[in-house]
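Visitor: Have a look at this one before I ask anything.
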Amino acid sequence: METLRIEILNPKAKKLLKDLADLNLITISKSFDSKVEFKEVLSKLRSNSDSAPCLDELTREVEEVRASRYANKKK
């Protein structure tokens, strides 16, 4: 399956897309800003955790992983 982002410029195009969805040829879903989606996922994960990591802990972990990956590529 391939996912595409389409900006609709003409209302007729939206009707065509809806017709394709009615024929079960495509699915249409609302696309949100990726930053908003990421914040929602983080909020959901943190609500399920008793002790959510703070931003500093997350940053430190990301930097450690990046450093180890960079060290492996250098070899």
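Rule-based calculations on the coordinates, nothing more; no lab input. Note that the coordinates shown come from a computational prediction; the quantities given were computed from them, not determined experimentally. Cβ sites come from the backbone with ideal geometry, for glycine too, and all protein chains shown count toward neighbours.
Visitor: Once you charge only the Cβ atoms, +1 for Lys and Arg and -1 for Asp and Glu, what is the size of the charge dipole of the chain about its Cα centre, to the nearest 20 debye? Write down the numbers at each step before the final one.
Guide: Details: 16 positive and 13 negative charges, 72 e Å.
Using only the charged Cβ atoms, the result is roughly 340 debye.
Visitor: At most 16 other Cβ atoms within 10 Å and a DSSP loop assignment: could you name the GluC sites (Glu not before Pro) in the chain that fit? Walk me through the numbers before you get to the answer.
Guide: Details: sites: Glu2, Glu7, Glu37, Glu40, Glu57, Glu61, Glu63, Glu64; in loops: Glu2, Glu7.
Those that pass, being in a loop and sparsely packed, are Glu2, Glu7.
Visitor: For the chain, what number of Lys pairs, 8 or more residues apart or on separate chains, have alpha-carbon atoms under 24 Å from each other? All intermediate terms of the calculation are to be shown ahead of the outcome.
Guide: Details: Lys12/Lys30; Lys14/Lys30; Lys15/Lys30; Lys18/Lys30; Lys30/Lys39; Lys30/Lys44; Lys35/Lys44.
Step by step, the pairs that qualify in the chain add up to 7.
Visitor: Can you list the chymotrypsin sites (Phe, Trp or Tyr not before Pro) in the chain that are in a DSSP coil and have 16 or fewer other beta carbons within 10 angstrom?
Guide: Values: sites: Phe32, Phe38, Tyr70; in loops: Phe32.
Those that pass, being in a loop and sparsely packed, are Phe32.
Visitor: Summing -39500 (n - 2.57) over the DSSP H runs of n ≥ 4 in the chain and dividing by its residue number, what mean residue ellipticity at 222 nm do you reach, to the nearest 500 deg cm²/dmol?
Guide: Working: 3 runs with 46 residues, N = 75.
Dividing the helical sum by the residues of the chain leaves -20000 deg cm²/dmol.
Visitor: Calculate, axis by axis, the spread of Cα positions in the chain along the three principal axes, and write the results as whole Å, longest axis first.
Guide: Principal-axis extents of the Cα atoms in the chain, largest first: 51, 39, 23 Å.
Visitor: May I ask which residue of Thr59, Val41, Ile8 lies farthest towards the positive end of the charge dipole of segment 1-62, with charges of +1 (Lys, Arg) and -1 (Asp, Glu) on Cβ and the Cα centre as origin?
Guide: Ile8
Visitor: Full-extension gain between Asn10 and Asp33, please, as 0.36 nm times their residue separation minus the C-alpha to C-alpha distance. Provide the component values of the computation, followed by the final result.
Guide: Values: separation 23, 0.36 × 23 = 8.28 nm, distance 2.19 nm.
Extra length available between Asn10 and Asp33 comes to 6.1 nm.
Visitor: I need two numbers for segment 33-75: Rg to one decimal and Dmax as a whole number, Cα atoms only, in Å.
Guide: Final numbers for Rg and Dmax: 13.9, 40 Å.
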